[in-house]
Amino acid sequence: MTSTTYDNMPPGSGWQPVYIKKSKGAGFWVAVGLALFFFLCTLLFFVLFISSLVLNKVLVTSNSTKDRKYVEETIVEGSGENKVAIIPIKGILSNESAEGLFLEKPSIVEIVKQQLDQAADDTQVKAVLLEVDSPGGGITASDMIYHQITTFKARTQKKVVVYMQDIAASGGYYISAAADAIIAHPTTITGSIGVIMPLINVAELISRYGIKDNSIASGNLKEIGSPLKQMTADEADVLKGIIDEMYLQFIKVISTGRNLDIEVVKKIADGRIYTGKQALEKGLVDELGYQEDAINLTKKLAGLTEATIVRYEKHYGMADLFGLMTRKFFQNNTIRLDISQLQEQSDCRPMYLWNGYSRGE
């Protein structure tokens, strides 16, 4: 409130001070609106956080770990108490989780483990059919999935069949070798047996522009694989030794899984890709066929004449949504530099990966 007085008016003239009320400026209301908005957002996330704690507590107390299902079952066909579980293994094989806007998707290694564990605990599941559609990926991720499959077979004595779809190359074939039988679709691309270590060198390019690498290393081989300097013969020998060891591991896995002599495997494991028909001729797969053929073979190996075919699928509930939303909020994951995509472009780890695969989706 402000007042305006008229000092020149004589006393008793009847003039009184006039009070003029100033209106609030636009900036004031913008500030109030923003404050209210952030208050409501904070309140919302607080409610979500409390809700997630309550829901997770209810889930833990109402279900034991053994009885809780990691994934839901969708009936594909068939009937009867005995079941064949279809487990899809699709995409790049990695043991790193993938983050979305609200949900953090577990790595493909973790997903396969959860689904195999569920199939192992379910006494009605008599066999597993793996749908493989992958160009491979990390060496460690490939070997972890391979180990999960072989452990599942040894622990449960349940049969495992692989049905190859579009691509089952490199690491995709590595994990397939753990199965009791492999069926490839007539148009499948497989093979690419070998190891690759992507290394890009830009030493000449940066030298052309007068850029120098002044890195200080503790040893002559500490900068091995650096894109900023020319590779020496000693460095190439070290890396070649690593590649050869990983390659031999791949060969042994195929020799064991496919019951082939190691020297025979080496002749066909020069990195080339094969069609389903070519793979059949080389002994890399057992049959060519379609999904119904893979299902029939799985039932036959399990000694079943009738079975309910179920597909494992992960469904996210409200507890998952609340929990992951609040976790991402309180970890400030929305305000950070995502280095993983940059690393993906310059990843120099050895991989069981078909390099001709396009990641565009």
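What to note about this one:
- Other-chain or far-sequence residues with amide H under 5 Å of residue 167's (modelled H): 134, 189
- Per DSSP, loop chymotrypsin sites (Phe, Trp or Tyr not before Pro) in segment 136-211 with at most 13 further Cβ within 10 Å: 209
- Net charge of the neighbourhood of residue 299, taken over other residues with C-beta under 12 Å away and scored Lys/Arg +1, Asp/Glu -1, is 0.
- In order along segment 109-117, the phi-based Karplus estimate (6.51 cos²θ - 1.76 cosθ + 1.60, θ = phi - 60°) of 3J(HN,Hα) comes to 5, 5, 4, 4, 4, 4, 6, 5, 4 Hz; Gly and Pro are listed as x.
- Among the trypsin sites (Lys or Arg not before Pro) in segment 107-200, none is located in a DSSP loop while being surrounded by at most 13 other Cβ atoms within 10 Å of its own Cβ.
- Karplus-derived HN-Hα couplings along segment 122-134 (A = 6.51, B = -1.76, C = 1.60, θ = phi - 60°), whole Hz, x at Gly and Pro: 8, 5, 7, 6, 9, 7, 10, 10, 8, 8, 9, 9, 8
- Candidates per trypsin sites (Lys or Arg not before Pro) in segment 194-284, loop by DSSP, up to 10 other Cβ within 10 Å: 212, 222
- Cα-Cα over 32 Å, subset of 222/267; 105/240; 126/314; 83/267: 222/267; 105/240; 83/267
- Remark: spin-label model distance residue 75-residue 213 equals 6.2 nm, labels positioned 7 Å along the Cα→Cβ axis.
- Computed over Cα pairs, the Kirkwood radius of segment 95-249 leads via Stokes-Einstein (1.567 mPa s, 4 °C) to a diffusion coefficient of 70 µm² per second.
- Remark: segment 227-235, residue by residue, has Karplus-estimated 3J(HN,Hα) of x, 9, 9, 5, 6, 8, 5, 5, 5 Hz, where x stands for each Gly or Pro and the curve is 6.51 cos²θ - 1.76 cosθ + 1.60 at θ = phi - 60°.
- The Cα trace of segment 190-310 gives Rg and Dmax of 22.8, 73 Å, the first to one decimal, the second as a whole number.
- Taking amide H as placed 1.01 Å from N in the peptide plane, the amide H of residue 353 sits under 5 Å from that of 137, 171, 196, each at least 5 places away or on another chain.
- Amide hydrogen proximity for residue 86: with H placed 1.01 Å from N in the peptide plane, the residues at 5 or more positions away or on another chain lying under 5 Å are 129, 310, 311, 312.
Computed from the coordinates by the stated procedures, all read-outs in this text should not be read as laboratory data. The structure presented is a predicted model; accordingly, all values stated were derived computationally and were not measured. Every residue, glycine among them, receives a Cβ derived from its backbone with ideal geometry; neighbour counts consider all protein chains shown.
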